[in-house]
Amino acid sequence: MNGSARVGHRKNAEAVALEWQTGANALRVAEGAAQGELAGEGLAVWLQREVFASWVACGAFEWVALGYLGMSSALIVLFADNLAHPMHLVGAQFVVAALIFVLCRVEARAAEHARRNGETLSTRRWHFWRHWYPHLFFLFCFEELGKLVHLVNPGWEDAKLIAFDHWLTGVHPAVWLEQFATPARNDFIQFAYLTYFVYLLVLGGILYYRRDWSGYWAVMTYSAVGYAIGYVIAISFPIESPWFAMAGAWHDELRGGAATAAINFIEHFGRVRGAAFPSEHVAGSFAALWGAWRHKRWLFWVMLPLVLCMCVSTVWGRYHYVADIFGGMITGTLGYAIGAWLMKKRGAVAAPAE
């Protein structure tokens, strides 16, 4: 082989090697891109599967709760100019919705583990929180109303309800009742007002203890629907209550004993100005009362006189108008009727409980 031939052969070999190296590099790049796409696709598929599994783990209560959060978030965005920090509220609602999804998903996994391997302290803990978090959700929504009360309407509409009460009764009920006030009566009435906080706890506790999951989630759903209807009305029709709108109309404060002191403490640190119509106390009480009628009839008869006294206490204590009471009765009853209809739907009771 002469020199020119050797040079040509070497150049051809170098060209082939360069082409092979370029192809190998391109193949590695292509493989890396494909792996990246597969990883991205795998993450998307996993996320989609987890979201779907979380939704399957939800029941009728979550349908209502998440529906209310979605509706109120939409109203916040729509009327954002009426709020100081609208995106903070939307963010808070997003976090609450995400927590509900995560809790439902984690408890579903814990329930599956318990079925396969037996109950543990961890599975019982998740089961407890899955069933009792609705009470914290109601508290969050009620406290949030203090920021949403002027979302749609910047003014107060109390004059309309004051006029309605006077037309209906011929007096201003909260002022008229003052003549019957004594420390003993005040304390009894304030005790009746306090009983509101235990109706759903007692009814739910009995059903939970008896492992009646269908009944348990039914009464939670009745309350959720009744509250949600009331929340939307309160956002649209702001009422601040006689305590504020009629301040100075009565001659003295209501004095009493331990129950009165407890109410004053709660009202001082937990009062929400606004959201008085309809009365959520009455709505929640009637939803629980109807739940007792359906699922624990004997408890209905125990609760009935307490609920009626509680309704009187909301006016006696200057927290509500008579119109608020009627509104709460109606929304609580609607909550029961709509909730009972929802509980007939497939998946209304979360799968692990079934």
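Of the numbered conditions (1) among the charged types (D, E, K, R); (2) free of Cβ contacts under 8 Å to residues at least 60 places away in the same chain; (3) open to solvent by 50 Å² or more (accessible area, probe 1.4 Å), Arg255 satisfies every one except a single condition; which is it?
Here Arg255 meets the rest and fails (2).
So, in region 54-105, exactly how many residues are farther than 24 Å from Gly347 by Cα, of a type in the set (Ser, Thr, Tyr) and over 12 Å from the mean Cα position of the chain (by Cα)?
1
Which one of these is within 30 Å of Tyr208 (Cα to Cα), of a type in the set (A, V, I, L, M), open to solvent by less than 60 Å² (accessible area, probe 1.4 Å) and under 19 Å from the mean Cα position of the chain (by Cα): Ala283, Ala262, Ala292? Walk me through it before giving the result.
Numbers: Ala262 fails: under 19 Å from the mean Cα position of the chain (by Cα); Ala292 fails: under 19 Å from the mean Cα position of the chain (by Cα).
That would be Ala283, the only listed residue that is within 30 Å of Tyr208 (Cα to Cα), of a type in the set (A, V, I, L, M), open to solvent by less than 60 Å² (accessible area, probe 1.4 Å) and under 19 Å from the mean Cα position of the chain (by Cα).
Just one of Arg130, Arg109 is modelled with pLDDT of 90 or more and either polar (S, T, N, Q) or part of a helix (DSSP H, G or I) (or both); which is it? Explain how you work it out, then say what you get.
On the way: Arg109 fails: modelled with pLDDT of 90 or more.
Selected residue: Arg130, the only one of Arg130, Arg109 that is modelled with pLDDT of 90 or more and either polar (S, T, N, Q) or part of a helix (DSSP H, G or I) (or both).
Could you go through region 264-282 and let me know if any residue there is basic (Lys, Arg), closer than 26 Å to Leu177 by Cβ and in contact with a helix residue (DSSP H, G or I) (Cβ under 6 Å, 6 or more places away or on another chain). Steps first, answer last, please.
To start, the set of residues in region 264-282 that are basic (Lys, Arg) comprises 271, 273.
Narrowing further to those that are closer than 26 Å to Leu177 by Cβ: 271, 273.
Within this subset, residues satisfying the condition of being in contact with a helix residue (DSSP H, G or I) (Cβ under 6 Å, 6 or more places away or on another chain) are none.
Checked region 264-282: no residue is basic (Lys, Arg), closer than 26 Å to Leu177 by Cβ and in contact with a helix residue (DSSP H, G or I) (Cβ under 6 Å, 6 or more places away or on another chain).
Can you report the number of residues in region 298-323 which are within 14 Å of Tyr199 (Cα to Cα) and open to solvent by 50 Å² or more (accessible area, probe 1.4 Å)?
Qualifying residue count, region 298-323: 6.
Output the qualifying pairs, or none if there are none: Cβ atoms under 9 angstrom, residues six or more apart or on different chains, first residue in region 151-176 and farther than 30 Å from Leu89 by Cβ, second residue basic (Lys, Arg) and assigned to a loop (DSSP other than H, G, I, E, B).
Ala174/Arg318; Val175/Arg318
Might you check whether a residue that is open to solvent by 10 Å² or more (accessible area, probe 1.4 Å) and either closer than 25 Å to Phe277 by Cα or more than 31 Å from the chain's Cα centre (by Cα) (or both) occurs anywhere in region 201-216? Explain how you work it out, then say what you get.
Going through region 201-216, the residues open to solvent by 10 Å² or more (accessible area, probe 1.4 Å) turn out to be 201-202, 205-206, 208-214.
With the extra rule that they be either closer than 25 Å to Phe277 by Cα or more than 31 Å from the chain's Cα centre (by Cα) (or both), the set shrinks to 201.
Yes: region 201-216 contains one or more residues that are open to solvent by 10 Å² or more (accessible area, probe 1.4 Å) and either closer than 25 Å to Phe277 by Cα or more than 31 Å from the chain's Cα centre (by Cα) (or both).
The values are calculated or read from the model by the stated rules, or taken from the named source; none is laboratory data. Everything numeric in this text was worked out from a predicted model, so none of it was measured. Cβ sites come from the backbone with ideal geometry, for glycine too, and all protein chains shown count toward neighbours. The accessibility values were calculated without ligands, DNA or RNA, using every heavy atom of the protein model including side chains. Shrake-Rupley method; radii C 1.70, N 1.55, O 1.52, S 1.80 Å.
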